[in-house]
Amino acid sequence: MNKIGQLSVEEFLRDYWQKKPVLLKNVYPDFECPIDPDEIAGLSLEEDVESRMIFENGENHAWELKNGPFTEASFSQLPKEKWTLLVQGVDQWIPEVADLLDDFCFLPSWRRDDIMVSFAPKGGSVGPHYDHYDVFLLQASGQRKWQVGPKCNAQSPTVENTPLRILQEMEVTEEWIVEPGDVLYVPPMYAHNGVAENDCLTFSVGFRAPSENEILQSFTDFLSVEASEETRYSDPDVRDSSDQPALIDQDSIERFKSILNNAVSDAAIISSWIGCHMTESKYPDLHQPLEEPLDWDELAPALSEATHLTKNEMSRLAYTEEDNGIKLFGAGLVIGLSYHPSTTYLAKLIANNRHIDMEVLLPLLEEPACQNLLLDLINGNHVYLDELETDE
Ligand code: SIN
Ligand code: CO
């Protein structure tokens, strides 16, 4: 898509992305919601699905939080108004919801987190708050009143006696009633509050940005796996310490600093870490390689029965450009290095697209190296064969 609502992608990225909220009207004309509230409620009963409910006037206190999985009984005891059910990672479970992510391909796919879906009856809201990540709030059905306010920070006063971060006060800078197909974009830290006008479903297309803390922890864990036990701190030029043996002198500090600097200045290690870290699955326990890996003789006949190759909803694939090729990452691992133009082409095609038409794929698979790459991706559970309806 080269437009998002009334804006060109270029205008959106230049003027709004990570800068200020904007309501994008009618991004999806005649939007057809791919799920209904019953399906969302059904997902929230599942053990593997992350879900929660928020009650503005809870039994015990205001803005009460209940974590799923829920039961049928949880749904029979709900108040009439002012509650919200939120289900995380709906794109991981419902392929039609995952397909919506393609519309955000103007942003790197490895920056995406998931699509959270909320259902709320009239008056339902999660309260005025801010998030640490960018979010596109797609109104999927019903109407919602959205208000946005200024940027907040950790010092912004929040309501006490609730586990939720609800702003005590929210100055309203803009307000709209959104309709199905409208998208509100909210950058990190901006106050926002959406209250259902009637039964409504909202899809939050959330992005992720690792915190400095996460980056440092994960990078140092990654480094320490690779780091040698043999290379050690050494000080052949040490000075006589007799007058102050407890002093960590400037020379010693410099020696440590150079070990640390060497570790963080290796561009290949940094890019490998980014590839691994940013492709970790959202729910790694649920995204495992095939228990019984296929070989080419088993896969080949199945290819002719499928219409498409589809990226697994749980898989994040990304690549870095290397000299004469690419390095492909998925599920937190290096899948492979490709220096051959045909495997490089195939790897990019698969990483950049959610569905690939078999007619496009089959001619590429004459090359044995491409067959092996596809097998790795199928056996690693990154892609699967699909029978999508075609327009003809
Ligand atoms: C909602 O869907 O009710 C809230 C989403 C958000 O504010 O991030
Ligand atoms: Co929010």
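The values are calculated or read from the model by the stated rules, or taken from the named source; none is laboratory data. Everything numeric here is computed off the predicted structure, so don't read it as measured data. When we count neighbours, we look across all protein chains shown, and the Cβ atoms used for this are built from the backbone with ideal geometry, even at glycine. Just the protein is used for accessible areas: all its heavy atoms, side chains included, with ligands, DNA and RNA removed. Shrake-Rupley method; radii C 1.70, N 1.55, O 1.52, S 1.80 Å.
In the chain, Cα pairs under 8 Å separated by at least six residues give a relative contact order of 15 percent. Between residue 62 and residue 208, the simple label model (points 7 Å from Cα in the Cβ direction) yields a spacing of 3.3 nm. The orientation-averaged projected area of the convex hull spanned by the Cα atoms of the chain comes to 26.8 nm². Which shape class, rounded, prolate or oblate, goes with the range 293-377 when its Cα gyration tensor gives a ≥ b ≥ c as root eigenvalues, a/c under 1.5 marks rounded, and past that a/b bigger than b/c marks prolate? Prolate shape, in that a/c is at least 1.5 and a/b is the bigger ratio.
Across 10 Å bins from 0, what is the distribution of all Cα-Cα pair distances for the range 135-232, in whole percents? Going from the shortest bin to the longest, the percentages are 13, 31, 27, 13, 10, 5, 1. In this simple spin-label model, placing a label point 7 Å from the Cα along the Cα-to-Cβ direction at both residue 161 and residue 248 gives a separation of 4.6 nm. Expressed as a whole percentage, what fraction of the accessible surface of the chain belongs to carbon and sulfur atoms when a 1.4 Å probe is rolled over the protein heavy atoms? Using a 1.4 Å probe with all protein chains present, the chain comes out at 49 percent carbon and sulfur. Under a Cβ-Cβ cut-off of 12 Å, what is the net charge of the residues other than residue 84 that fall near it, where Lys and Arg count +1 and Asp and Glu count -1? Value of the local net charge: +1.
Across the range 203-259 the C-alpha pair distances fall into 10 Å bins from zero in the proportions 16, 29, 26, 16, 7, 4, 1 percent.
Full extension of the chain between residue 362 and residue 73 yields a length gain of 99.0 nm, computed as 0.36 nm times the residue separation minus the alpha carbon distance.
Computed over the Cα atoms of the range 120-168, pair by distinct pair, the Kirkwood hydrodynamic radius stands at 12.8 angstrom.
Summarised as an ellipsoid, the range 265-337 has semi-axes of 27, 16, 11 Å, derived from the eigenvalues of the Cα gyration tensor scaled by 5 and square-rooted, with the largest first.
Compute log10 of I(q)/I(0) for the range 223-301 with the Debye formula, placing one identical point scatterer on every Cα and leaving out solvent, at q = 0.14, 0.17, 0.22 Å⁻¹, to two decimals. At q = 0.14, 0.17, 0.22 Å⁻¹ the computed log10 ratios are -0.76, -0.90, -1.08. Surface exposure of the chain, expressed per residue as accessible area with a 1.4 Å probe, stands at 54 Å².
For the range 227-368, the extents of the C-alpha atoms along the principal axes are 81, 34, 24 Å, listed from largest to smallest.
Accessible surface comparison of 126, 135, probe 1.4 Å, protein chains only, largest first: the order is 126, 135.
Within the same chain, lysines fewer than 8 places from residue 151 are excluded, and of the rest, those with a Cα less than 19 Å from its Cα are 19, 20. Overall form of the range 63-205: rounded. Here a/c, set by the Cα gyration tensor axes a ≥ b ≥ c, is under 1.5.
About its Cα centre, the range 1-112 has a charge dipole of approximately 760 debye under the convention of +1 per Lys or Arg Cβ and -1 per Asp or Glu Cβ, with nothing else charged. Classify the range 154-294: rounded, prolate or oblate, from the alpha-carbon gyration tensor (a ≥ b ≥ c, eigenvalue square roots; a/c under 1.5 rounded; otherwise prolate if a/b is larger than b/c)? Oblate shape, in that a/c is at least 1.5 and b/c is the bigger or equal ratio.
Mean projection of the Cα convex hull over all viewing directions, computed for the range 1-136: 9.4 nm².
About the centre of its Cα atoms, the chain shows a dipole size close to 1580 debye [charges on the beta carbon of Lys, Arg (+1) and Asp, Glu (-1) only; nearest 20 debye]. Between residue 271 and residue 290, the distance separating the two model label sites (each 7 Å from Cα on the Cα→Cβ line) works out to 3.1 nm. Extension gain, residue 283 to residue 36, is 86.5 nm, computed as 0.36 nm per intervening residue step minus the present C-alpha separation.
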